[in-house]
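Please read the structure below before turning to the comments.
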Amino acid sequence: MAIPGSSSPRSTLIVASLLSTLVLAALLALQAVAAAQYHRATAEGVLQDYASAAADELAQRISQDFEYYGFYPIFRILAGLDAGRPGSPLPDSTSVWQGASEYERRALQGLRGLFRLDLATGSLVASHPAVEDPALEWLADTIPIHASELYQSDWRSAVLVRPGGGQEIFVYSLHGVNDDTPVSAYGCELHPDSTRALLRASVRREPLLAPSLLRGIDAESLMVVQLVDATGQPLYASHADSSATDTFAAVAAADPRLGGISAQVTLRSPVAHRLIIGGLPKSRLPFILGLLSLAAALIVIALLQLRREQELARLRTEFVSNVSHELRTPLAQIRMFAETLLLGRVRSQHERQRSLEIIDKEARRLTHLVDNVLQFSRAERHATTLTPEPTRLASLIRDVLDTFTPATDPGEVQFRVELDETVEADVDRGAVQQMVLNLLDNAVKYGPGKQTVGIGLEAHGDSVRIRVDDQGPGIPQADRERVWQRFARLERERKSTTAGTGIGLSVVRDLATLHHGTTWAEEAPRGGARFVIELPNGRRSAPTPAGEPETSQAPGRIDEIRTGVRIQP
């Protein structure tokens, strides 16, 4: 952004300070965003740790429950019945249930069938009731490999989950003699419903997280629990929507003896934030970006104000220079011709009269200029006051024209006057005189030599319009509103030698606004520019009573007035 006069040390320092403030605000915003992100990441990490802790707890719990409530009671009975000895008959249901304790009977309720595999011959037998043939073939192929590669010597049993077999779960143990070399593998198939019941009991036995962490939160609503086999097929799910993914999820593998079963725990986001004191920190990015944008906007406004201040300073400097020039010209003329008269250097009465006329003309110009400057100063301070009174505007405009005519060069300007003599309005006489004088001065100053300036007055509804036309080059459509601004000049005028203060039209608009009126510029019918003042409260005056002398013209009558001389038609 270019700042007029920004080369001055003061302006450079202000701009540098503002830009430094913006950079500092941006750095602080970045730090605040980074701190907020770190805080949120820490809180999310804590929730992730809670999910991992719950998954680990569940994995350990199901490993113990399967061992002590599912497998151990069954294999203690089978070992007592010598079910692993090759060649012996498999126990029937009567022998299995006979003499079982209540603890063992709860485990036997999930028993679906028995089997034994001779590791030496590969023969496999099944009973109670018979295990399905596809499952027998899979067991005959799988157990030898699993027993030799994965089964540990300190294991009491191991679980095999048949993939794609409708969640068929088999538990087996090895039987050895003498040197404990395994000679057979025997075990049972568990019913899926009993397995799910065992898993559900493990999950619901007590909360997976410490009560001090839950702080009264319902564990069922807090987390989704799944138990899946080695292939990812679900064995148990605590909720119908357990397949939904979430941010805070963890997986923990159960004991290797369980055949790859793993526990998956997912914390629900709408509830999980309650585990954190104060909840999950909300993103501060929109708020910080909003503050940063506000700071940037304020700095931009400050820079624009600085630019405006510099521009106003330049315009005021030009204004002082222009006013000084405008004052110097009439003052020089007055002084020169006054000295001529004082020193008696006039050679004839005509020269004496001419000198006095020039002094009078320049004094009028000087008075008009001073009036404009004073009105501009009052407008700047909002100190202008009006005294409206009923006024016949045609008479007032003729007085203004009579005052203005001597201030023009003889023979250079001709006036075409069209006045409605019956129009009246409540106006401040001095303000209207100044507005009309400014429009006439503007028309003469920026119009060509030997031109005809038109001035008109007519009623328009409840308003009255005063117009002044010139025969100059006119005003482009895009600049017709800008010319009323203070110090505004057209581009072509900047290269012209025509002097001016740049406040004449702005004074006209200010005074019209105080009258609750409006002003505008348009194209004149005969070419050039037309300036219009519209004031409210226009009305017709009463006709002149019979017997009184006519002091004004009829409505619409035209006078042709050459500078300094009025020519009656």
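Do we find a residue being open to solvent by 70 Å² or more (accessible area, probe 1.4 Å) and farther than 26 Å from Thr142 by Cβ anywhere in the stretch 87-94? Yes, because at least one residue in the stretch 87-94 is open to solvent by 70 Å² or more (accessible area, probe 1.4 Å) and farther than 26 Å from Thr142 by Cβ.
Restricting attention to the stretch 363-377, does a residue exist that is out of contact with any strand residue (DSSP E or B) (no Cβ under 6 Å at 6 or more places or on another chain), more than 26 Å from Leu514 (Cβ to Cβ) and either free of Cβ contacts under 8 Å to residues at least 60 places away in the same chain or of a type in the set (S, T, N, Q) (or both)? Yes - at least one qualifying residue is present in the stretch 363-377.
Given the criteria surrounded by fewer than 12 Cβ atoms within 10 Å (Cβ to Cβ) and at pLDDT below 85, does Gly99 qualify? Answer is yes for this residue.
Per the listing Val468, Val444, the residue uniquely touching a strand residue (DSSP E or B) at 6+ places or on another chain (Cβ under 7 Å), open to solvent by less than 60 Å² (accessible area, probe 1.4 Å) and at pLDDT below 90 is Val444.
All conditions in (1) closer than 30 Å to Ser463 by Cα; (2) out of contact with any Phe, Trp or Tyr (no Cβ under 9 Å at 6 or more places or on another chain) hold for His368, with the sole exception of (2).
Would you call Ala54 open to solvent by 30 Å² or more (accessible area, probe 1.4 Å), modelled with pLDDT of 85 or more and among the small types (Gly, Ala, Ser)? So Ala54 does not fit the description; no. If you go through the stretch 389-424 and keep only what is surrounded by fewer than 17 Cβ atoms within 10 Å (Cβ to Cβ) and part of a helix (DSSP H, G or I), you end up with Ser395, Asp399, Asp402, Thr403, Pro406.
All conditions in (1) within 23 Å of Gly472 (Cα to Cα); (2) over 50 Å from the mean Cα position of the chain (by Cα) hold for Ser395, with the sole exception of (1).
If you check Asn442 against the conditions, is it under 51 Å from the mean Cα position of the chain (by Cα), in a helix (DSSP H, G or I) and farther than 11 Å from Val400 by Cβ? In short, yes.
Can you tell me which residues in the stretch 333-367 are of a type in the set (D, E, K, R) and over 21 Å from Asn438 (Cα atoms)? Write out each step before concluding.
Here is the first cut: in the stretch 333-367, the ones of a type in the set (D, E, K, R) are 335, 339, 345, 347, 351-352, 354, 357, 360-362, 364-365.
Within the stretch 333-367, Arg335, Glu339, Arg345, Arg347, Glu351, Arg352, Arg354, Glu357 qualify.
Where helices (runs of 4 or more DSSP H) fall entirely within the stretch 196-292, those with at least 2 residues that are open to solvent by 50 Å² or more (accessible area, probe 1.4 Å) and farther than 20 Å from Ala41 by Cα are at 211-214.
Selection over the stretch 337-388 of residues that are assigned to a helix (DSSP H, G or I), of a type in the set (Val, Ile, Thr), surrounded by 14 or more Cβ atoms within 10 Å (Cβ to Cβ) and within 60 Å of the chain's Cα centre (by Cα) gives a count of 2. Residue pairs, Cβ under 8 Å, 6 or more apart or interchain, first in the stretch 1-29 and closer than 15 Å to Leu298 by Cβ and surrounded by 12 or more Cβ atoms within 10 Å (Cβ to Cβ), second modelled with pLDDT under 85 and among the polar types (S, T, N, Q). List them. Final answer for the pair search is Val15/Ser6.
Kindly indicate whether Ser148 is surrounded by fewer than 16 Cβ atoms within 10 Å (Cβ to Cβ), small (Gly, Ala, Ser), at pLDDT 85 or above and more than 21 Å from Leu227 (Cβ to Cβ). Answer is yes for this residue. Screening Leu117 against (1) out of contact with any Pro (no Cβ under 8 Å at 6 or more places or on another chain); (2) in a strand (DSSP E or B) leaves a single unmet condition, (1). Can you confirm whether the stretch 308-317 contains a residue that is under 30 Å from Ala25 (Cβ atoms) and open to solvent by 80 Å² or more (accessible area, probe 1.4 Å)? Scanning the stretch 308-317, I find at least one residue that is under 30 Å from Ala25 (Cβ atoms) and open to solvent by 80 Å² or more (accessible area, probe 1.4 Å), so the answer is yes.
The values are calculated or read from the model by the stated rules, or taken from the named source; none is laboratory data. All values reported here derive from a predicted model rather than from experimental measurement. For neighbour counting, all protein chains shown are included, and Cβ atoms are generated from backbone atoms with ideal geometry for every residue, glycine included. The accessibility values were calculated without ligands, DNA or RNA, using every heavy atom of the protein model including side chains. Shrake-Rupley method; radii C 1.70, N 1.55, O 1.52, S 1.80 Å.
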